[in-house]
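Read through the structure below, which is laid out as structure tokens, and then see the notes.
Computed from the coordinates by the stated procedures, all read-outs in this text should not be read as laboratory data. Computed from a predicted model, the values in this text were never measured in an experiment. Counting neighbours? That spans all protein chains shown, and the Cβs are built from the backbone with ideal geometry, glycine included.
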Amino acid sequence: MPGFAGLPGLPRRVADLPITEWSFLTGLGVAGLAALALLVLAIRRRGWPTRLVTGLVALVLVLLNLAAGINTYVDFDRTLGQALGRIPPDEVPLATLVRRTAMPAAGVVAPLVVPMTVSGFVARPALVYVPPAWFRRPRPRLPVVVLLHGTPGGPDVWFGAGQATATADAWAAAHRGVAPILVAPDVNGSLEADSECVDSPVGRVETALTVDVPRFVVDTFRTVPPGPGWAVAGFSEGGSCALMLALRHPTLFGTVGDYGGLAGPRLGDTNADTASTIAGLFGGSTAQFAAHEPADLLARERFPRLGSWFEVGDADPEPAAAQAALVPAARRAGIATCSRVIPGGAHTFDVFSAGFADSLPWIAARLGIGPPGAPCPQQ
């Protein structure tokens, strides 16, 4: 999670302890009893300082467990190390990655500072995953999947709770080290901001994602050029961003993955909440909003070269409603469209990470590095 410096001295076996539902419930019970005992002690003891201190301690325990409960529900941080900001052990500086010559057994993740020379967007560092095959000589020209995060969050979430590294490594292990290069750029500039990936008062984010990021990635990693060999995918805000970007820039992206996104750019949490978005991101222009709204784009144009994968949980009502409307619209617009609904799935990383894992074989086939015939659900 952004904002933590991390605890580099945290022992590995402690950092890798899973944050699971049972551990949350156990911790909640223990802290609840401790808070109750402290409150009883405060009441029985005389003097306001004792009562104040014990009351504050009890409040902190309750707030910590509330945060743990929210984390458990959305599955944001899966280990104690992630929750405390510990740098993943497979992350290396970009300079080290580029100089490396030996082919590793697994992919490597590195932070990436993208020069935003055209957009001027003040972004947090991106992250890149390169598969083992990238280290061969001569370097292969590999395809790219751009992974977009949601709000709150940052690029690192894809490689933590999103499990993108494990998903890509599993694919690479089954295909002689070959997998797409994964690039996770920042789309908001801060933990609290919400750009919806458009050029707005938040920053020229659409320009950053369609000009600055592709240019730097191609120049640095010698990938295939943007086009059929590039995909864009995301969860929540990033899912609706991915669809919008692919529809507005079909020459840059040939495939899109939307995992739990709303119907389009929204500053609120519902598909119907368009007024605040028009005012906050588009300066009150309904025409600009329509130019970024997937339903309008799908109704006006055809996209016969585009492929899309939608995945959502049926316990996530607003994104589920968005998917139900967008899937037939995409098919009418000539898009090869896969659609999966996860029974009981909510707006959590259980769904988002499953969406990327489920769709990667199909995406890889479209990118030219996987065998044809990958499953394409039609729910």
- Task: Report ³J(HN,Hα) in whole Hz for each residue of the range 367-373, in order, from the Karplus equation J = 6.51 cos²θ - 1.76 cosθ + 1.60 where θ = phi - 60°; Gly and Pro get x.
- Result: 7, x, 10, x, x, x, x
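Would you mind computing Rg(Cα) / (2.2 N^0.38 Å) for the range 282-330, counting N as its residues? Write down the numbers at each step before the final one.
Values: Rg = 12.8 Å, N = 49, 2.2 N^0.38 = 9.7 Å.
With N residues counted in the range 282-330, Rg over 2.2 N^0.38 Å equals 1.33.
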- Item | Of every Cα-Cα pair in the range 240-372, the percent that sits beyond 26 Å | 22 percent
- List MET103, MET244 from most exposed to least, where exposure is judged by having the fewest other Cβ atoms within 10 Å. MET103, MET244
- Extent of the range 94-367 along each principal axis, from alpha carbon coordinates, in Å, largest to smallest? 53, 40, 32
- Item | Per-residue Cβ neighbour rank within 10 angstrom, fewest leading, GLU301, GLU318 | GLU301, GLU318
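Let me know the charge dipole size of the range 196-260 about its Cα centre in debye, to the nearest 20, where only the beta-carbon of Lys, Arg (+1) and Asp, Glu (-1) is charged.
Charge dipole, the range 196-260, about its Cα centre: 220 debye, nearest 20.
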- Message: For a quick check: sort ARG340, ARG222 by the number of other beta carbons within 10 angstrom, fewest at the front.
- Response: ARG222, ARG340
- Note on the structure: The farthest towards the positive end of the charge dipole of the range 99-167, of the residues MET103, VAL157, VAL113, given +1 on Cβ of Lys and Arg and -1 on Cβ of Asp and Glu, is MET103
